[in-house]
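Report on one structure; see the data block that follows.
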Amino acid sequence: EYVVNFMFLLAEEVRELMAYMGFRTFNDLIGRVDRLEVGEAIRHWKAQGLDLTPILSPAVKVYDNVDVYATKKQDHGLEAALDNVIIRDAKAALETRQAVRLAYPIKNTNRTVGTTLSHEIAKRYGEEGLPVNTIEIKLNGSAGQSLGAWLARGVKIELEGDANDYVGKGLSGGTIVVYPDRRSTFKAEENIIIGNVALYGATSGKAFFRGIAGERFCVRNSGASAVVEAVGDHGCEYMTGGRAVILGPTGRNFAAGMSGGIAYVYDPEDIFLARCNLAMVELEKVLDPGDIGELKEMIEEHQKLTGSTVAKAILADWKTALPRFHKVMPIEYRKALEKRAAMASGNIKQEVGHG
């Protein structure tokens, strides 16, 4: 009720301002930069002599058949989306939870593959999704943006090739595996395999990438687990949960704003310290048996699913490799975990307010 009331008051104020300026609709407002006024409070030396006329000229119709606001619905081409075919072929899984194995070629005009499929799963089964790997999809080629976005639990996408930006955006319990074409001759760990901002806002699920990811890997990840062989700048930025294993070098500003979750970074060249943003995290050696087991298990699964030679070499000489890993631990997150553990053991009594 408060929100509804706020929106009514907001709309009322907007109507008053529009009436004051002589406008009846939003469409009438569009492009009317002649009604803008410079704020009198702006008295900064950088603004002196600044002429904004070139970018604040009234909008004009360059052609008779062109408008300055939306007058027709955009055709998103959803009827041609690959997910329509996948949903049709996965009918048995969607209706009876019967396991299906599917395979398709893919090109970079195929965007958000797996997203509409996940919508169909969510409509039927909610957040629970399907049993693990109920729908396995094998793709070959170059995937467009947002491969596996919001991928639901029970779906596994395996891509042999490469992918554009936003792989696994909002990952919601599914599994994504990306590795180079088996016919390729280049070293996977020295080449880009996925684009920027992979696993943005992911909440759960797993992802394994044999190769280098672009910038902002795992930004705002809150629950997914991921393994990759190198990342660009700003890795694990604003991460709040989940796990990230980086089996190679990172770009600058790693862990900026990272308040939760844990990252394990393999650093045999001893260069990571200069690339990590230590404002909210600390670096530790991986000494806890639970951490060691978790890290090794993730690398083993990465090697099994992608055929990674980097993971294979690390596992083959585990005693030597383990000390070369950094555990990137958010400071406040550690304190919260320690407090929770102390409360669970009875060393701290939970405070209860009295009214």
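Given a 1.4 Å probe and the protein chains as shown, Thr112 ends up with an accessible area of around 60 Å².
Shown in residue order for segment 94-99 are the 3J(HN,Hα) couplings computed by the Karplus curve 6.51 cos²θ - 1.76 cosθ + 1.60 at θ = phi - 60°: 5, 8, 10, 6, 6, 5 Hz (x for Gly and Pro).
What range in the chain is the longest one free of trypsin sites (Lys or Arg not before Pro) that are in a loop by DSSP and have at most 15 other Cβ atoms within 10 angstrom? It would help to have the intermediate numbers written out before the result.
Working: sites that count: Arg24, Arg32, Arg43, Lys61, Lys72, Lys73, Arg97, Lys107, Arg182, Arg183, Lys187, Arg252, Lys349.
Here the longest segment lacking exposed loop sites spans 253-348.
For the cross-link pairs Lys72/Lys107; Lys91/Lys123; Lys138/Lys296; Lys285/Lys339; Lys107/Lys156; Lys91/Lys169, which exceed 23 Å when the distance is taken from alpha carbon to alpha carbon? Please report the intermediate quantities before stating the final value.
Working: Lys72/Lys107 29 Å; Lys91/Lys123 14 Å; Lys138/Lys296 26 Å; Lys285/Lys339 21 Å; Lys107/Lys156 18 Å; Lys91/Lys169 25 Å.
Beyond 23 Å: Lys72/Lys107; Lys138/Lys296; Lys91/Lys169.
Quick check: the angle from helix 2-21's long axis to the longest principal axis of the chain, C-alpha only, nearest 10 degrees? Roughly 40 degrees, rounded to the nearest 10.
Over the chain, Cα pairs under 8 Å with separation of 6+ residues give a relative contact order of 8 percent. Residues of segment 104-243: accessible area per residue at 1.4 Å, in Å²? Accessible area per residue, segment 104-243: 38 Å². Give me the accessible area of Glu16, 1.4 Å probe, in Å² rounded to the nearest 10. Accessible surface of Glu16 is approximately 110 Å². Out of these labelled values of mean projected area of the Cα convex hull in nm², (1) 21.5; (2) 25.1; (3) 28.5, which was calculated from the coordinates shown here? For mean projected area of the Cα convex hull in nm², the calculated option is (3). With a simple spin-label model that places each label point 7 Å from the Cα along the Cα-to-Cβ direction, the separation between Tyr104 and Tyr69 comes to 3.8 nm.
Excluding the site residues themselves, the longest part of the chain lacking any chymotrypsin sites (Phe, Trp or Tyr not before Pro) in a DSSP loop with at most 11 other Cβ atoms within 10 Å is 187-355.
Taking Cα atoms, how many degrees apart are the long axis of helix 331-345 and the longest axis of the chain, rounded to 10 and kept between 0 and 90? Orientation of helix 331-345: about 60 degrees from the principal axis. Using a probe radius of 1.4 angstrom, the carbon and sulfur fraction of the accessible surface of segment 211-284 is 46%.
Pull up the DSSP beta bridges for the chain and report the antiparallel fraction as a percent, rounded to 5. Intermediate values should be presented prior to the final figure.
On the way: 10 of 54 bridges.
Bridges in the chain that DSSP calls antiparallel: roughly 20 percent.
Taking Cα atoms only, the orientation of helix 115-125 departs from the longest principal axis of the chain by about 80 degrees.
Per-residue accessible area (protein heavy atoms, 1.4 Å probe) orders Met298, Met239, Met343 as Met343, Met298, Met239, starting from the largest.
The values are calculated or read from the model by the stated rules, or taken from the named source; none is laboratory data. Note that the coordinates shown come from a computational prediction; the quantities given were computed from them, not determined experimentally. Glycine also receives a Cβ, built like all others from the backbone with ideal geometry; neighbour counts cover every protein chain displayed. Protein only, heavy atoms only, side chains kept; ligands, DNA and RNA dropped before computing areas. Shrake-Rupley method; radii C 1.70, N 1.55, O 1.52, S 1.80 Å.
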